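Peer 1: Handing you this structure, nothing more for now.
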Amino acid sequence: MSLRIVSIFDSVDGEANAFAGAGQPSTFIRLAGCNLRCSFCDTKYSYGDGLEMGLDQAVEQVRLPHVTITGGEPLLQAADVRTLCQALVVGGKTVTIETNGTIRPFDRVPDLRGNVRFVMDRKPPSAQVVDLSYEMRWQHAFYGLGPLDLVKFVVADDVDLRAALKVRDWFWRSGGDQPRRVYSPVWGIMDPGDLAEWVIRNDPLGQFSLQIHKVIWPNVGQGEER
């Protein structure tokens with residue numbers, strides 16, 4: 001098998017992480033290709049074909065105990081990603097997969113449970129997603145998550161916040177074994193302090209997330225990895 005990869009690099013996980021939260025050292029595997037075109041996307045360079053890389057070659061470049069598989073949309077290569085996760089878990093790694101919510105997470109085999117977790121975006125109105133099936137697909141993907149996973153709301157304005165509350169009220173009504181939720185501001189558009197105060201007032205069972213890698217390394221440009 002082979003994967004279409006944009007880059008593999010070491011950094012700190014600057015956003016929501018399903019294991020240890022923001023700031024966890026992680027090896028990132030950025031996969032190529034995406035089926036959405038969000039207005040505020042900051043990884044447009046991942047839309048292309050990437051480079052073909054074999055499983056062993058990819059695993060050999062992983063140095064840190066935690067791995068973040070991201071994109072693009074990594075679950076476009078779901079079968080190969082599952083094989084990659086199996087190899088990483090056998091090697092003693094934990095894995096977070098970041099996904100856009102259009103593809104149901106692959107069914108986890110028993111030896112992966114607890115070692116592979118998902119952070120799934122809920123796209124807001126400001127993302128201007130034109131996929132007419134997005135709502136139905138997101139609901140299907142949501143029910144593939146568990147209490148160890150995260151749903152992330154990236155928000156730009158009050159319209160996005162109201163939409164996030166509607167989603168919260170609808171999908172978390174039953175309680176029980178459901179994913180946690182986290183709110184993150186669109187970088188450079190929504191004031192982080194305003195969003196943090198909003199989370200405190202409106203969803204104290206949720207959590208706030210900031211892209212801290214952009215604070216640590218503010219001069220890293222589009223297409224550069226850090």
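The values are calculated or read from the model by the stated rules, or taken from the named source; none is laboratory data. Given the structure is predicted, the values throughout are model-derived calculations rather than measurements. Here Cβ is always computed from backbone atoms with ideal geometry, including for glycine, and neighbour counts include all displayed protein chains.
Peer 1: Of the residues L75, L84, L88, which single one is at pLDDT 95 or above and farther than 20 Å from S11 by Cα?
Peer 2: Answer to the selection: L75.
Peer 1: Pairs needed: first member in segment 173-193, of a type in the set (D, E, K, R); second member anywhere, in a helix (DSSP H, G or I) and at pLDDT 90 or above; C-beta distance under 8 Å; at least 6 residues apart or different chains.
Peer 2: R181/R168
Peer 1: A further question follows. Would you check which residues across segment 21-80 are crowded, with 20+ Cβ neighbours inside 10 Å, basic (K, R) and out of contact with any Gly (no Cβ under 7 Å at 6 or more places or on another chain) and list them?
Peer 2: Residues satisfying the conditions do not exist here.
Peer 1: Another question, if that's okay. Is there a residue being touching a residue at least 40 places away in the same chain (Cβ under 8 Å), in a strand (DSSP E or B) and over 21 Å from P185 (Cα atoms) anywhere in segment 32-41?
Peer 2: no
Peer 1: Are any residues in segment 182-207 buried (at least 19 other Cβ atoms within 10 Å of the Cβ) and either assigned to a strand (DSSP E or B) or in contact with a His (Cβ under 8 Å, 6 or more places away or on another chain) (or both), and if so, which ones?
Peer 2: Correct list: V182, Y183, S184, P185.
Peer 1: Kindly indicate whether any position in segment 141-158 is among the hydrophobic types (A, V, I, L, M, F, W, C) and more than 19 Å from the chain's Cα centre (by Cα).
Peer 2: No, because not a single residue in segment 141-158 is among the hydrophobic types (A, V, I, L, M, F, W, C) and more than 19 Å from the chain's Cα centre (by Cα).
Peer 1: Would you mention how many residues in segment 42-63 are part of a helix (DSSP H, G or I) and at pLDDT 95 or above?
Peer 2: Looking only at that region, the number is 6.
Peer 1: If we keep just the residues of segment 164-181 that are of a type outside the set (K, R) and assigned to a loop (DSSP other than H, G, I, E, B), which is farthest from the chain's Cα centre (by Cα)?
Peer 2: S174
Peer 1: Would you pick out the residues in segment 155-189 that are at pLDDT 95 or above and farther than 22 Å from T99 by Cβ?
Peer 2: Of everything in segment 155-189, those that are at pLDDT 95 or above and farther than 22 Å from T99 by Cβ turn out to be D157, D158, V159, L161, R162, L165.
Peer 1: Right, here's the next one. Need the failing condition index for D149 against (1) closer than 21 Å to E197 by Cβ; (2) surrounded by 18 or more Cβ atoms within 10 Å (Cβ to Cβ); (3) not hydrophobic (A, V, I, L, M, F, W, C), just the number.
Peer 2: (1)
Peer 1: Out of curiosity, is G14 touching a Cys at 6+ places or on another chain (Cβ under 7 Å) and either at pLDDT 95 or above or closer than 28 Å to V215 by Cβ (or both)?
Peer 2: No; evaluated as a whole, the condition is false for this residue.
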